[in-house]
Amino acid sequence: MLSLQDIAISMADGTPLITAVSLEAAAGETVTLMGPSGSGKSSLLSFIGGDLTSAMTATGRVTLNGKDILHLPPERRRIARLFQDDLLFPHMTVAENLLFAVPMAPQAERHAKMQQALADAGLEGFANRPPHTLSGGQRARVALLRALLAEPQALLLDEPFSKLDRDLRATIRAFTFDHIRARAIPALLVTHDREDVPAGGRVLEITARGEIRHV
């Protein structure tokens, strides 16, 4: 479970951005965060992930599976994040992009995990392809696979579907939410589109006052 308690984020000049955010995401659950542009949704994800800009200050408590993670550097928080852009390494093949995320283990074991991930995504035979030769949907799937191969304990989704066309968007959403449920990973999704909300999922709105309300 990912738990946020009394999160407050302010600009460097003291202007409050988020004033009172508390929420929980259970294993396998995707909780959706919505709100007007500039309300602090992405800043909240950055605070959880450990890369909040130094131009902001934040207080509160974040626990993952009962463990306080705010004192940990980003690379030790076991949290993966997906953005609007897939951010695949252009100088690496698909296989190299995926293997970059696989934890240290015997080489044969790491390659087996990479190949299985490609098979699960219907991308067999794509291992040696450079990212620029992939379609938008293929790149999105590879980006998600890379995040999952890192074996995260939580996933932060910062409008990862926004640049996909309508039909492809529905396919990638389903692919993403299926993997979250199957791996029992708590996830937070930031979006402006109600169609991105998983069926039956909770939706929380960050208001202009920086508070959370259920919608």
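Some observations on this one:
- Index of the failed condition, residue 85 passing every other in (1) under 30 Å from residue 134 (Cα atoms); (2) modelled with pLDDT under 95; (3) outside any loop (DSSP other than H, G, I, E, B): (3)
- Odd one out for residue 108 among (1) over 18 Å from residue 175 (Cα atoms); (2) assigned to a loop (DSSP other than H, G, I, E, B): (2)
- Evaluated against (1) assigned by TED's automatic domain parsing to the domain that holds residue 48; (2) surrounded by fewer than 20 Cβ atoms within 10 Å (Cβ to Cβ), residue 160 falls short on exactly one condition, (2).
- Residue match in segment 102-112 (condition: among the basic types (Lys, Arg), crowded, with 18+ Cβ neighbours inside 10 Å and in contact with a Leu (Cβ under 7 Å, 6 or more places away or on another chain)): no
- Any hit, segment 187-203, residues being modelled with pLDDT of 95 or more, under 29 Å from residue 104 (Cβ atoms), surrounded by 15 or more Cβ atoms within 10 Å (Cβ to Cβ) and in contact with a Pro (Cβ under 8 Å, 6 or more places away or on another chain): no
- Total residues in segment 22-69 satisfying the condition of being on the phi < 0 side of the Ramachandran plot, outside any strand (DSSP E or B) and surrounded by 15 or more Cβ atoms within 10 Å (Cβ to Cβ): the figure is 14.
- Among the residues listed as 137, 200, the single one being without any contact (Cβ under 8 Å) to a residue 60 or more places away in the chain and assigned to a loop (DSSP other than H, G, I, E, B): 200
- Residue in segment 166-185 that is in a helix (DSSP H, G or I), of a type in the set (Lys, Arg) and under 20 Å from residue 119 (Cα atoms) present: yes
The values are calculated or read from the model by the stated rules, or taken from the named source; none is laboratory data. Since the model is a prediction, treat every value here as computed from it, not as a measurement. Neighbour counts run over all protein chains shown; Cβ positions are idealised from the backbone, glycine included.
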